[in-house]
């Protein structure tokens, strides 16, 4: 079940490529920060240091408290790369 959250988050990030209301982008930042924070926590306790660092970095990147003024083009690139990463995680996770 948790595995499918990766796909839902990837789809939500790809929707960010379209013109959406500003509130949608903020909502996605909150959801992404929480999701990547939970993933980082899980990877930390699974002793997977590389994945822990990647997901913690993504949680910090998407955190909504201190906004990073990266510009629309850079955020679009980040969204695409992150969606690809999430799809990779979805495909590589074993069915539980």
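The values are calculated or read from the model by the stated rules, or taken from the named source; none is laboratory data. Bear in mind the structure is a predicted one, so any value in this text is a computation, not a measurement. Neighbour counts are summed over all protein chains in view; Cβ atoms, including those assigned to glycine, are modelled from backbone coordinates with ideal geometry.
Numbers below:
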| item | result |
| --- | --- |
| Check on residue 96, outside any helix (DSSP H, G or I) and either surrounded by 12 or more Cβ atoms within 10 Å (Cβ to Cβ) or modelled with pLDDT under 90 (or both) | yes |
| Residues that are assigned to a loop (DSSP other than H, G, I, E, B) and either surrounded by 14 or more Cβ atoms within 10 Å (Cβ to Cβ) or touching a residue at least 24 places away in the same chain (Cβ under 8 Å) (or both), drawn from segment 2-35 | 16, 17 |
| Some residue of segment 40-55 being without any contact (Cβ under 8 Å) to a residue 40 or more places away in the chain, within 12 Å of the chain's Cα centre (by Cα) and over 19 Å from residue 80 (Cα atoms) | yes |
| Counted residues, segment 64-91 - those being exposed (fewer than 15 other Cβ atoms within 10 Å of the Cβ), under 16 Å from the mean Cα position of the chain (by Cα) and assigned to a helix (DSSP H, G or I) | 6 |
| Any hit, segment 37-47, residues being part of a helix (DSSP H, G or I) and loosely packed, with under 12 Cβ neighbours inside 10 Å | yes |
